[in-house]
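See structure below.
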Amino acid sequence: MPNEATRTSSGSTPRAAAVLFDLDGTLTRPYFDFAAIRAEIGLAPESRLPILESIELMEPLQRKQAEEILLRREREAALASELWDDAHAVLAALRTAGLILGLMTRNSRVSAETVIAKHGLKLDRVHTREDGPVKPSPEPVLALCAQLGVAPVAVWVVGDYLFDIQSGQAAGATTALMIGDAAVPDYADQANHVIRRLGELPALLGLGARLPRTSAPGLP
């Protein structure tokens with residue numbers, strides 16, 4: 001397993017020009033009850049296929065009903081979402097340092113925009129599932145890089161799940177897995193860095209001391 005806040009691959013990290021964040025569980029406290037969503041849609045509890053990929057395999061009528069359930073659940077969750085305490089401070093520190101900030105999510109655009117508007121997040125670009133292939137594909141990272149005019153090698157991808165890391169690595173970006181106070185997952189060695197909280201990110205990027213400690217995922 002990698003040490004926290006350290007590279008897991010050899011070589012120096014290129015100077016970052018942009019940081020692309022995941023949304024749920026990364027900028028916000030986790031707000032989706034995936035088990036409840038899967039149950040309402042009618043997906044088998046033992047299935048390991050993610051929700052979006054499962055919906056793609058459905059017949060048209062079943063797919064339409066499942067998409068309606070998902071959109072409703074996303075809307076409700078977005079309206080109830082809460083940012084991590086250090087989210088605004090971290091975004092402000094990165095922007096002050098001249099970094100470009102982006103967001104890539106498997107959520108719908110209306111869901112992402114609801115969260116962004118509710119919390120006044122200032123982001124340069126947003127990639128949702130309506131914009132093309134989603135994580136773990138590298139396409140969200142590559143698409144945002146093209147829009148922002150930066151090379152993947154100068155981009156950091158920050159997220160709390162395997163798909164974030166796979167997407168960033170496949171695109172050639174530097175990745176940071178945020179795990180809160182949870183045990184280090186088996187896939188952590190796929191990330192370049194492992195952090196507990198967003199507040200560790202500025203120091204990791206070479207922007208100075210880490211921000212004050214705040215509650216970690218899963219804690220009040």
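The values are calculated or read from the model by the stated rules, or taken from the named source; none is laboratory data. Because the structure is a prediction, the values reported are computed rather than measured. Ideal geometry is used to build each Cβ from the backbone, glycine not excepted, and the neighbour counts take in all protein chains shown.
Summary of values
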item: Residue in the stretch 151-161 that is touching a helix residue (DSSP H, G or I) at 6+ places or on another chain (Cβ under 9 Å), at positive phi and not assigned by TED's automatic domain parsing to the domain that holds residue 73 present; result: no
item: Looking only at the stretch 110-145, and only at residues there that are of a type in the set (D, E, K, R) and touching a Lys or Arg at 6+ places or on another chain (Cβ under 8 Å), the one that is nearest to residue 28 (Cα to Cα); result: 122
item: First in the stretch 170-195 and assigned to a helix (DSSP H, G or I), second anywhere and surrounded by fewer than 17 Cβ atoms within 10 Å (Cβ to Cβ) and at pLDDT below 95, Cβ under 7 Å, 6 or more apart; result: 188/1; 189/1; 189/8
item: Unmet criterion (only one of (1) within 18 Å of the chain's Cα centre (by Cα); (2) of a type in the set (Gly, Ala, Ser); (3) part of a helix (DSSP H, G or I); (4) over 19 Å from residue 200 (Cα atoms)) for residue 89; result: (4)
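Here's the yes/no breakdown for (1) in contact (Cβ under 8 Å) with a residue 24 or more places away in the chain; (2) buried (at least 19 other Cβ atoms within 10 Å of the Cβ):
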site	(1), (2)
95	yes, no
104	yes, yes
108	yes, no
113	no, no
118	yes, no
121	yes, yes
137	yes, no
141	yes, yes
